[in-house]
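What follows is calculated from the coordinates using simple rules that are stated; it is not laboratory data. Being a predicted model, the structure only gives us computed values, none of them experimental. Counting neighbours? That spans all protein chains shown, and the Cβs are built from the backbone with ideal geometry, glycine included.
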There are 2 protein chains.
Amino acid sequence: MRKLILFIASSLDGYIAGKNGDISWLFTDQDYGYGKFFASIGTLIMGKKTFEVSLTFGGWPYPGKKCYVFTRNKHKNDSRVDFANNPVRLTKELLKGHGKDIWLVGGSKIISILLNAGLIHEIRLYVHPIILGSGIPLFKNIDKKINMKLIKIKTYSSGLVQLHYKII
Amino acid sequence: MRKLILFIASSLDGYIAGKNGDISWLFTDQDYGYGKFFASIGTLIMGKKTFEVSLTFGGWPYPGKKCYVFTRNKHKNDSRVDFANNPVRLTKELLKGHGKDIWLVGGSKIISILLNAGLIHEIRLYVHPIILGSGIPLFKNIDKKINMKLIKIKTYSSGLVQLHYKII
């Protein structure tokens with residue numbers, strides 16, 4: 001069965017970006033398993049703000065993958081992505097389909113919608129050795145307790161820790 | 001030199017207690033290194049709410065240790081603890097003194113005051129495999145970025161992960 005995987009980085013205090021969207025604290029000195037993960041997924045889903053951030057990276061960072069962007073508003077067409085306005089419905093459809101796993105890229109709002117809907121199967125969180133104090137929280141407006149099983153953990157010499165959970 | 005160590009447990013989404021102070025999700029099936037840590041410290045400091053929670057545990061959980069409780073209000077005497085109203089000043093004094101390390105037990109408010117004052121040397125955080133969604137946050141009102149060095153990590157079969165950081 002296809003899985004929906006939240007693969008994301010945060011500070012120790014749970015921010016995915018600092019003040020004014022600052023992501024300069026994210027480690028980029030190594031691949032940290034990204035290449036292998038990217039090869040394992042077939043489809044990406046993300047919110048509109050996350051999409052807009054990805055457009056600032058220079059080249060399009062997700063070539064060759066099916067990519068859906070959730071937005072409630074009309075958006076001018078972009079050949080690299082499809083826009084959709086009902087994340088729960090589309091995610092359910094994608095999960096029923098065949099193919100490689102689905103990467104939930106972010107951000108906060110879409111993560112909370114899909115966690116609350118019980119649609120996320122795994123969380124792979126890269127905890128950075130920093131406390132940011134403010135910014136965009138990874139978890140916000142989660143309306144229930146969610147139990148998980150720790151599948152794996154990986155530590156890097158930079159101090160990065162990858163926590164890999166399965167949602168029960 | 002004496003160190004101030006924040007030794008504490010949280011959910012993956014950074015709560016030290018759930019709604020209505022719920023701590024039923026904390027693992028208590030093993031010692032998880034607590035006994036060794038408790039033997040290594042000489043003094044405990046905590047906020048008043050944390051103190052009040054500790055009084056509900058049955059017997060006094062911190063026998064044989066010097067214990068300070070921070071409160072802005074008058075408090076009726078308690079032979080097991082000393083009350084103090086200036087956490088930064090007292091902590092600085094304690095750190096200048098001799099003796100075993102100091103355990104910062106909690107909670108949220110006192111952690112933020114001492115982190116912002118740059119007085120915490122190490123964080124040992126027990127991340128539980130659960131998302132609570134709401135409750136008392138571990139980190140709140142932190143007013144600056146704090147860089148850390150990962151010293152050690154320990155994983156338990158229950159899914160508990162201990163992240164041990166040194167603050168730079």
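Cut-off 10 angstrom, C-alpha nodes, Gaussian network model of chain A. Which of A:ILE153, A:ILE136, A:ILE45 fluctuates the most?
Comparing A:ILE153, A:ILE136, A:ILE45 in a Gaussian network model of chain A, the most mobile one is A:ILE153.
Please give the Cα centre distance for segment A:23-66 versus segment A:96-168, rounded to the nearest Å.
15 Å
Let me check against my output: what whole-number percent is the relative contact order of chain A, with C-alpha pairs under 8 Å and at least 6 apart?
So the answer I get is 36 percent.
If we count other beta carbons within 10 Å of each Cβ, what is the order of A:TYR34, A:TYR126, A:TYR165, A:TYR156, fewest first?
In increasing order of surrounding Cβ atoms, one gets A:TYR34, A:TYR156, A:TYR126, A:TYR165.
Set Lys and Arg Cβ to +1 and Asp and Glu Cβ to -1, take the dipole of segment B:86-168 about its Cα centre, and tell me which of B:SER157, B:ASN147, B:LEU104 lies farthest positive.
Going by the charge dipole, the pick is B:ASN147.
May I ask you to report, in nm to one decimal and beginning with the shortest, the distances from A:ARG89 to the same position in the other copies, taking label points 7 Å along Cα-to-Cβ?
From this label point to the equivalent ones elsewhere in the assembly: 6.4 nm.
Which log10 I(q)/I(0) values does chain A give at q = 0.10 Å⁻¹ under the Debye formula, counting every alpha carbon as one identical point scatterer?
So the normalised log intensities work out to -0.36.
How much length is gained on full extension from A:ASN73 to A:SER24, taking 0.36 nm per residue of separation minus their Cα-Cα distance?
Taking 0.36 nm per residue and subtracting the Cα distance, the gain is 14.7 nm.
Applying the Karplus parametrisation 6.51 cos²θ - 1.76 cosθ + 1.60 with θ = phi - 60° to the phi angles of segment A:69-77, what ³J(HN,Hα) value in whole Hz is obtained for each residue in order, glycine and proline being reported as x?
Couplings: 10, 8, 8, 7, 9, 5, 9, 5, 3 Hz.
Among B:GLU93, A:GLU122, rank each residue by its count of other Cβ atoms within 10 Å, from fewest to most, as a rough exposure measure.
On the way: B:GLU93 11, A:GLU122 18.
If I rank by nearby Cβ atoms, fewest first, I get B:GLU93, A:GLU122.
Normalised by the empirical 2.2 N^0.38 Å for globular proteins, what value does the Cα Rg of the protein assembly as shown take? Display every interim value, and only then the final one.
Values: Rg = 21.8 Å, N = 336, 2.2 N^0.38 = 20.1 Å.
This ratio for the protein assembly as shown stands at 1.09.
Between A:SER40, A:SER158, A:SER79, which gets the highest mean-square fluctuation from a Gaussian network model of chain A, Cα cutoff 10 Å?
Of A:SER40, A:SER158, A:SER79, the Gaussian network model singles out A:SER79 as fluctuating most.
When a/c is below 1.5 the answer is rounded, else prolate if a/b is larger than b/c, else oblate, so apply that to segment B:36-75 with a ≥ b ≥ c taken from the square roots of the Cα gyration tensor eigenvalues.
Taking the square roots of the gyration eigenvalues as a ≥ b ≥ c, segment B:36-75 is oblate.
Would you kindly calculate the translational diffusion coefficient of segment B:25-111, applying Stokes-Einstein with the Kirkwood radius from alpha carbon pairs, for 20 °C and a viscosity of 1.002 mPa s, and quote it in µm² s⁻¹ without decimals?
Numbers: Rh = 13.9 Å.
Rounded to a whole number, D works out at 154 µm²/s.
Pick out which of B:PHE83, B:PHE57, B:PHE37 has the largest mean-square fluctuation in a Gaussian network model of chain B, springs linking Cα atoms closer than 10 Å.
Among B:PHE83, B:PHE57, B:PHE37, the largest GNM mean-square fluctuation belongs to B:PHE57.
Could you give, in nm with one decimal, how far A:GLN30 is from each other copy of that position, shortest first, with labels 7 Å out from Cα toward Cβ?
Result for A:GLN30, in nm, nearest copy first: 2.5.
Given the rotation relating B and A, tell me which residue in B puts its Cβ closest to the axis and the distance in Å.
So the closest residue, with its distance, comes out as B:GLY14, 2.
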